[in-house]
1. So in segment 392-450, with the set limited to residues that are of a type in the set (Val, Ile, Thr) and more than 32 Å from the chain's Cα centre (by Cα), which one is farthest from Gly368 (Cα to Cα)?
2. Does Leu478 meet the test of being surrounded by 21 or more Cβ atoms within 10 Å (Cβ to Cβ) and assigned to a loop (DSSP other than H, G, I, E, B)?
3. Could you grab me the full set of residues in segment 763-785 that are modelled with pLDDT of 95 or more, buried (at least 17 other Cβ atoms within 10 Å of the Cβ) and closer than 24 Å to Leu650 by Cβ?
4. Among the residues in segment 333-346, are any among the basic types (Lys, Arg) and under 14 Å from Leu308 (Cβ atoms)?
5. Taking interchain pairs and intrachain pairs at least six residues apart, which have beta carbon atoms under 7 angstrom, with the first residue in segment 310-326 and within 24 Å of Lys265 (Cα to Cα) and the second basic (Lys, Arg)?
6. For Leu620, work out the one condition from (1) in contact with a Ser or Thr (Cβ under 6 Å, 6 or more places away or on another chain); (2) under 22 Å from Gly534 (Cα atoms) it doesn't fulfil.
7. When only residues in segment 567-598 that are of a type in the set (S, T, N, Q) and in a loop (DSSP other than H, G, I, E, B) count, which is surrounded by the most Cβ atoms within 10 Å (Cβ to Cβ)?
8. Any idea which of (1) on the phi > 0 side of the Ramachandran plot; (2) part of a helix (DSSP H, G or I) is the one Arg43 doesn't satisfy?
Amino acid sequence: MLGLLTSLALWCLVINIKGSAACISGERDVLAAFNATISDPDRRLSSWQGENCCNWGGISCSKKTGHVVKLDLGGHSLKGEISPSLVGLTRLVHLPEFIGSFKMLKYLDLSHAGFGGTAPPQLGNLSRLSYLDLGSFGGPGIIVDNFHWVSKLNSLRYLDLSWSYLAASVDWLQAVNMLPSLQVLRLNDASLPATDLTSLCQVNFTSLKLLNLKNNDLNSSMPNWIVKLSALSELDMTSCGLSGMIPDELGRLTSLTFIGLGDNKLTGAIPTSASRLCNLVQISLSGNILSGDIAEAAKSLFPCMKRLQILDLAGNNLIGSLSGWLEVMSSLRVLDLSRNSLSGVVPRSIGNLSSLIYLDISFNKFKGTLSALHFANLSRLDTLDLASNSFKIVVKQSWVPPFQLINLGLQDCLVGPEFPTWLRSQTRIEMIDLGSAGIRGPLPDWIWNFSSSMTSLDVSTNNITGKLPANLEQSRKLTTLIMGSNKLEGNIPDLPPSIRVLNLSDNSLSGSLPQSLGDKDLHYLSLSKNSISGVIPTDLCNMMSMELIDLSDNNLSGELPNCWREESKLYVIDFSSNNLWGEIPSTIGSLNSLMSLDLSKNGLSGILPNSLQSCQMLTLLDLAENNLSGNIPRWIGDSLKSLVFLRLGLNQFSGEIPEQLSQLPDLQDLNLRDNKLSGPVPRFLGNLTAFHLFNKNQITSPFVQLKVPGNTYALGTYRAYFSVYTNTSGAVYLLKGIDLSANLLTSEIPSEIGFLSGLLYLNLSRNRIGGSIPGEVGNMLMLEALDLSSNDLSGPIPHSLTSLTHLSYLNLSYNDLCGHPLDGICGPESDKHRHRKHPLRFDMLTCLFTLLGFAFGISTVFTTFICSTVTRKAYFQFTDRVLRKLHNAVEMRLSINRMPAGREPSLAIRIQDSITCYNLEQPSAVSM
């Protein structure tokens, strides 16, 4: 290193630590070596003597560790060279300002030195600098508040500030544009601010050969000035928030060897001009919205790309097939076309890509049979993912593949019924995914012999029988075991110490939970839908890495553990459908990260603990079907602002529905049915903003992002308790609604209910609600199900109901409604026509005759069936026709109101015309 040390301009605040921390001897030697290479005419470093370097002038040490953390020599008249030994100060976190005084310096590399703090603007004084690397990896890097000093480095050819913090550097693009000699620019992972890249009218850094802006949320359109960088060989703008189309003139950059534009929002087709990019080695355009026929594009794009080794087009909207172009890609080492809409059969010529190491064509629409010929020459292959296609794998039992795989994904491919024996030859295998592969019978014993290499095994959703191996604990590297939805039986053996993900749900496992469970570092535990008994061990409270526990649908008993701790990372607890009793433990309120708590369908009692209000990230709270009592706490609305699902039905709650629930902006499913709630139907229901618009039906809660390997847990949970569906873009939507049925609610239906224009079902049945049906109900245009039965409603059915064109279920029975289509009289004169029976008020005589008639009818039919084959056949043919008609049936109940015989039900016809056909095979949107 060279450089004449001139007088330094500024003196920073020097913190001389005179504490008791001892100096690290190795760092004292580093400083002594630095002192030996410089000249100190003013004897400013005269204090650099003695054993404790922490007492030397300009040196700051950590009080705890004694490491040198700051070197401040500003204002000292020092001369000489920077000693390379300074690299030995590994804990130095502040970049010394004196560096800016080395005006002859041409090369400065302080990368990965762990510097923090703000970059001194004095660096702009290094006008002869051609190489500047202050980058780090993984951060935290230095902070650059103002990029102006960079524009002064006119000789700069190499600039690396990767993993720095440049969020406040709004002038970064303009500053870089002042560097005409710049050839390499690395600003990846630097927290760059949102920048309109298209705002640059004149590009001065045309000598650029490498541009890396990866992992910065620039939120910009793709700039056209890229095509003016004629010397560019590497372009990486992965995950930059780019939109628009790839420039048509991209083919002008004939020196390009690498294009990385993945994980953006780019649209359109791959430009045909790319056919001139004959030097390309790697193309990564994954995770965009690119479209077009890959086969058509390939004919013009790929013939000259003889050097192409990596082709990554995953996660786009590409169509087409692999035939006619893949065989020319002889140099390919990585081919990733997953998550597109590619179709057709896979040509056998894919087996000629002898350089292929990584092949992923999962989640497409491919079909057909794959044989040994498709893999004939793929001897270097270590990753093969064909999941979620319609493949049938047909190879001989004796087949020995030419490759040694590390990762195998055959989910949703037809591999069975026998477990593939060729896997026995794969001695390097680490990950196996054979979910939904049509496999039957027990797993072979040898699959567990991969204990020295196998880290993940997924054989879920097959028909695998038998028991888990007793020596499972010996699979020392196994981190993920997913065997849900099979026919496994027996006890759960001791688990390997490395296990992180365990999904054995939907089997026939029995016994108690393993005693050693609490000793593991589990992250996900799903054992739902089994026959596991015993108590929930308190050791679960000590598993600080656990993110999800699902023990639902078992035979667990006893009280819930009351030992939960604040340090826990738990997002999901599901203990529903067991035999648990006692009170909800107060320590659950310590779980600050909890997003979903499902304790429904147990025997829990008592009141809701106040500590639950600390779980402010809760998205789902399901305590239905227990024996909980007391008032519904006001703090639910005051504290649990993230709630989307609130289900407290089938309990013993009393009192009025608290108005604070109106403060839940994201609430989309409110179920308080079958309690003892009293008071008027709350007017604040109209203030539940998530019900106002249908486009808010999309579930945006972060909980939906939580996925258990082998099972999208969030979607699975919603389907278990709520009606959901996905649209063509894959977004998850909720059939949201309000169910307050079977309570003691009084007064009238508030007119504010009409504000809930996005509501899909409303159930206020079996209450004591009076008054008339407000006409504002007709404003609930998305309503699919409405049940107001068994109340004290009176007056006419409002004509506005004819506006409910999505309605598929309407029940207004057991009320005092009148007018069309019931009768034409509404008022006092109509009382003489009143003939109303409540469903719970049948007289004993009616019940007796009904039972006698039913018994006689059953005996008659049974005797006829025994004696007459013709009658039996005719009956089943008739039943079959009726069931087919019921596929498209609608239900509208207006009975037990004031409808005289023979009156023309004109309004009823208009209402029924507005009711869409309801397919009985689809999950109901209401719980009636």
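1. Here the answer is Thr427.
2. Considered against the rule, which asks whether it is surrounded by 21 or more Cβ atoms within 10 Å (Cβ to Cβ) and assigned to a loop (DSSP other than H, G, I, E, B), Leu478 comes out as yes.
3. The answer is Asn763, Leu764, Ser765, Arg766, Asn767, Ile769.
4. yes
5. Ile310/Arg333; Ala314/Arg339; Gly315/Arg339
6. (2)
7. Once the filter is applied, the top-ranked residue is Ser576.
8. Unmet for Arg43, out of (1) on the phi > 0 side of the Ramachandran plot; (2) part of a helix (DSSP H, G or I): (2).
The values are calculated or read from the model by the stated rules, or taken from the named source; none is laboratory data. Only a predicted model underlies this, so the values are computations on that prediction, with no experimental measurement involved. Methodologically, a virtual Cβ is constructed for each residue, glycine included, from the backbone with ideal geometry; neighbour enumeration extends over all protein chains shown.
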